[in-house]
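Notes for the one structure printed next.
The values are calculated or read from the model by the stated rules, or taken from the named source; none is laboratory data. All of these numbers come straight from a predicted model, not from anything done at the bench. FYI the Cβ positions are ideal-geometry reconstructions off the backbone, even for glycines, and counts take in every protein chain you see. When the accessible area is computed, the model is the full protein with side chains, heavy atoms only, and any ligands, DNA or RNA have been set aside. Shrake-Rupley method; radii C 1.70, N 1.55, O 1.52, S 1.80 Å.
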Amino acid sequence: SQQGEEDPQALSIQEGENATMNCSYKTSINNLQWYRQNSGRGLVHLILIRSNEREKHSGRLRVTLDTSKKSSSLLITASRAADTASYFCARDSGNTPLVFGKGTRLSVIA
Amino acid sequence: DAGVIQSPRHEVTEMGQEVTLRCKPISGHDYLFWYRQTMMRGLELLIYFNNNVPIDDSGMPEDRFSAKMPNASFSTLKIQPSEPRDSAVYFCASSLGLAGDTQYFGPGTRLTVL
């Protein structure tokens, strides 16, 4: 499959804990993005990391990229109930549209 | 800007009927994408346009599906005739560029075919 694969499929944590989601892919990439989807809504862009970058931060979000292992991770620190959503990675390989994974369903319990 | 606008938000129809989904992209965006999301298959790219021209429709599942973009501010996805297996959430998204650019998604149309 050309889709990225998120791991785990579902994650349940307590408020205040950190949440880590992983994404693996099979072909080379130019850019990798993470999106969030609240129930019943469209996807919302969170962060983009380029193939020559190893780590990026945005607020409570930290994204890493390991091109040698063809994997990326999204860390949400000090999680809140409002972080409950599905999280998707999406990659492009140059002049190609994004390929989305199947997502990780995160539940943050207050 | 109001973001990507889709209509209707919900559509319930009977098998065999024609269904038309509508999308207004963000002004100035050159790319428009149609996706289908189901629990089983996840988010699938159906077709995308660049400057109103269809570039890749290889994701369109069957000839029953067609999409048009008559101008930069409007696109339609039509299913004729509809079947129960077409039930899904259909998203429209737009972006400035193709690679390395953020895609902005609409709220989706939840289609139920009885």
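With the condition kept exactly as written, say whether any residue in segment A:28-37 is under 18 Å from B:Leu45 (Cα atoms), small (Gly, Ala, Ser) and either loosely packed, with under 15 Cβ neighbours inside 10 Å or touching a residue at least 12 places away in the same chain (Cβ under 8 Å) (or both).
Checking segment A:28-37: not a single residue is under 18 Å from B:Leu45 (Cα atoms), small (Gly, Ala, Ser) and either loosely packed, with under 15 Cβ neighbours inside 10 Å or touching a residue at least 12 places away in the same chain (Cβ under 8 Å) (or both).
Residues in segment A:90-99: is at least one under 11 Å from the mean Cα position of the chain (by Cα) and within 11 Å of chain B (Cβ to nearest Cβ)? Full working, then the answer.
Restricting attention to segment A:90-99, the residues satisfying the condition of being under 11 Å from the mean Cα position of the chain (by Cα) are A:90-91.
Subset that is within 11 Å of chain B (Cβ to nearest Cβ): A:90-91.
Looking through segment A:90-99, at least one residue is under 11 Å from the mean Cα position of the chain (by Cα) and within 11 Å of chain B (Cβ to nearest Cβ).
Could you tell me whether segment A:10-22 includes any residue that is over 29 Å from B:Ser94 (Cβ atoms) and within 14 Å of chain B (Cβ to nearest Cβ)?
Yes.
Can you tell me how many residues within segment B:36-78 are among the β-branched types (Val, Ile, Thr) and under 11 Å from the mean Cα position of the chain (by Cα)? First the steps, then the outcome.
Quick first cut of segment B:36-78, residues among the β-branched types (Val, Ile, Thr) only: B:38, B:47, B:53, B:55, B:76.
Still in the running and under 11 Å from the mean Cα position of the chain (by Cα): B:47, B:76.
Count: 2.
Is at least one residue of segment B:80-87 within 13 Å of chain A (Cβ to nearest Cβ), more than 12 Å from the chain's Cα centre (by Cα) and closer than 30 Å to A:Trp34 by Cβ?
Keep residues of segment B:80-87 that are within 13 Å of chain A (Cβ to nearest Cβ), which gives none.
No; the residues of segment B:80-87 include none that is within 13 Å of chain A (Cβ to nearest Cβ), more than 12 Å from the chain's Cα centre (by Cα) and closer than 30 Å to A:Trp34 by Cβ.
Can you name the residue in segment B:20-35 that is more than 14 Å from every other protein chain (Cβ to nearest Cβ) and under 12 Å from the mean Cα position of the chain (by Cα) and, of all such residues, is farthest from B:Gly100 (Cα to Cα)? Before you say what the answer is, go through the steps one by one.
From segment B:20-35, those more than 14 Å from every other protein chain (Cβ to nearest Cβ) are B:20, B:22, B:27-28; that's our starting set.
Next, from what is left, pick out any that are under 12 Å from the mean Cα position of the chain (by Cα): B:20, B:22.
Values: B:Thr20: 30, B:Arg22: 26 Å.
Selected residue: B:Thr20.
Just one of B:Met60, B:Met40, B:Met69, B:Met15 is of a type outside the set (Lys, Arg), touching a helix residue (DSSP H, G or I) at 6+ places or on another chain (Cβ under 7 Å) and open to solvent by 20 Å² or more (accessible area, probe 1.4 Å); which is it? Walk me through it before giving the result.
On the way: B:Met60 fails: touching a helix residue (DSSP H, G or I) at 6+ places or on another chain (Cβ under 7 Å); B:Met40 fails: touching a helix residue (DSSP H, G or I) at 6+ places or on another chain (Cβ under 7 Å); B:Met69 fails: touching a helix residue (DSSP H, G or I) at 6+ places or on another chain (Cβ under 7 Å).
Just a single option satisfies the conditions, and that option is B:Met15.
Exactly one of these conditions fails for A:Trp34: (1) part of a loop (DSSP other than H, G, I, E, B); (2) within 10 Å of the chain's Cα centre (by Cα). Give me its number.
The single condition A:Trp34 does not satisfy is (1).
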